[in-house]
1. Mind checking whether some residue in segment A:27-46 is crowded, with 17+ Cβ neighbours inside 10 Å, away from every other protein chain (no Cβ under 11 Å), in contact with a strand residue (DSSP E or B) (Cβ under 6 Å, 6 or more places away or on another chain) and among the basic types (Lys, Arg)?
2. Which members of segment A:162-188 meet the condition of being within 11 Å of chain B (Cβ to nearest Cβ) and either exposed (fewer than 15 other Cβ atoms within 10 Å of the Cβ) or touching a helix residue (DSSP H, G or I) at 6+ places or on another chain (Cβ under 6 Å) (or both)?
3. Yes or no: residue B:19 under 12 Å from the mean Cα position of the chain (by Cα) and on the phi < 0 side of the Ramachandran plot?
4. Among the numbered conditions (1) within 11 Å of chain A (Cβ to nearest Cβ); (2) closer than 21 Å to residue A:129 by Cα; (3) free of Cβ contacts under 8 Å to residues at least 60 places away in the same chain, tell me where residue B:42 comes up short.
5. Return yes or no: is residue B:68 under 18 Å from residue A:157 (Cα atoms), away from ligand 3 (no atom under 16 Å from the Cβ) and more than 11 Å from chain A (Cβ to nearest Cβ)?
6. Which of (1) within 16 Å of ligand 3 (Cβ to nearest atom); (2) free of Cβ contacts under 8 Å to residues at least 12 places away in the same chain; (3) of a type in the set (D, E, K, R); (4) at negative phi does residue B:77 not meet, given it meets every other one?
7. Condition first: within 7 Å of another protein chain (Cβ to nearest Cβ) and assigned to a helix (DSSP H, G or I). Now tell me which residues in segment B:15-29 satisfy that.
8. For segment B:31-76, what are the residues that are among the β-branched types (Val, Ile, Thr) and within 16 Å of residue B:9 (Cβ to Cβ)?
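What follows is calculated from the coordinates using simple rules that are stated; it is not laboratory data. What you see is a predicted model; the values in this text were computed from it and never measured. When we count neighbours, we look across all protein chains shown, and the Cβ atoms used for this are built from the backbone with ideal geometry, even at glycine.
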Amino acid sequence: MSEPRILEVRTSILKRNDEVAREMREEFRRAGMVVVNLVSSPGSGKTRLLYETLVRLRRAGRRVAAIVGDVETDRDARRLGASGAPVRQIMTHGLCHLEAEMVRRELLAWPSEHVDCLFIENVGNLVCPTSWDLGESLRVALLSVAEGEDKPLKYPGLFNTADVAVITKTDLAEACDFDRAAALDALAAVRPGMPVIETSAKSGAGLDAWITFLEARRP
Amino acid sequence: MHELSIAMRVVDLAAARCRDAGGDIVTAVTVRVGRLAAVHGGALAAAFEMAREGTPLAEATLRVVDVPVRVWCPQCRAEADLTDVVPLACPACGRPTGDLRAGHELEVESIEVVGPRGDTVGAGA
Ligand SMILES: Nc1nc2c(ncn2[C@@H]2O[C@H](COP(=O)(O)OP(=O)(O)O)[C@@H](O)[C@H]2O)c(=O)[nH]1
Ligand SMILES: [Mg+2]
Ligand SMILES: [Zn+2]
């Protein structure tokens, strides 16, 4: 046997995912779509905020659609479907994040009609979705007032990759002793300058600002 | 536990590179993992042991190079490595900065290959 030799590789481990994501991003851009990837811990309020978002955008005449990832069950797809928007569920059966190829498969199976805004609700997890690009134009990290203001500091990778943070469940702020300044500081520490929108899907507070923010992203 | 997905890709990439270079087996893989990549070194090592089974990497060692977060400070006009991951601020002047120059890496840097044609191929491939 010959001597071992060192070969340079210098290749991204997620090269394949990055390539698929890049292709999709280009297709989305050409189709004039805004694609939003919602990430947060389980229970932060992704589905409920998304439901309200779909209802409001539809009311404004936008064509919207959603893909939702969960480890098991199609419960969220059924909740979201009540908005009237087309929704598809991805069950990952154990996988803790969505990958670009999974999203592409869902899109291929979809009747091809124009969509202005596609939402992807990622699997609830503050770690694993970090490095998986889904071709989105906007990554939104949710932080509920009930989960601790320091979550961004504990999971900096995910919050750092987000384009915008949405603080959710503000109707519960008082009951949870939510320290708003601490939450804003934590977000700024992991992503200086990141815009933050404060919402309650229950009371409707802040939803107009959120919708306006989304509308401004339309090409 | 997304480390298994990652380990499987490391094995695939390394095995393909080894094959292209005419090698028989891979004896070591070096990966670079940024502190913001949300990958746990220990979990990756455990996942790698599973993923390598039955592949040309079956005997391979995994080396993980930990890549610190590096920021660009527009005030100091300089790059700097951070000791901690957060806060993202210039260690010299304290100015918050989101301008990252390193920290999200997730890459296979190199492999060590053994094989009959190992001496003649690889270097320029
Ligand atoms: N009070 C209150 N509860 C909310 C709000 N948004 C979500 N929830 C509740 O929080 C729980 C988890 O929400 P869900 O949307 O399923 O979170 P997901 O796991 O991130 O999709 C559910 O019981 C929701 O009704 C909110 O704005 N206010
Ligand atoms: Mg949900
Ligand atoms: Zn500085």
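1. Taking every residue of segment A:27-46 in turn, at least one turns out to be crowded, with 17+ Cβ neighbours inside 10 Å, away from every other protein chain (no Cβ under 11 Å), in contact with a strand residue (DSSP E or B) (Cβ under 6 Å, 6 or more places away or on another chain) and among the basic types (Lys, Arg).
2. A:186, A:187
3. no
4. Among (1) within 11 Å of chain A (Cβ to nearest Cβ); (2) closer than 21 Å to residue A:129 by Cα; (3) free of Cβ contacts under 8 Å to residues at least 60 places away in the same chain, the lone unmet condition for residue B:42 is (1).
5. yes
6. Tallying (1) within 16 Å of ligand 3 (Cβ to nearest atom); (2) free of Cβ contacts under 8 Å to residues at least 12 places away in the same chain; (3) of a type in the set (D, E, K, R); (4) at negative phi, residue B:77 fails exactly one: (4).
7. B:17
8. B:31, B:33, B:39, B:55, B:64
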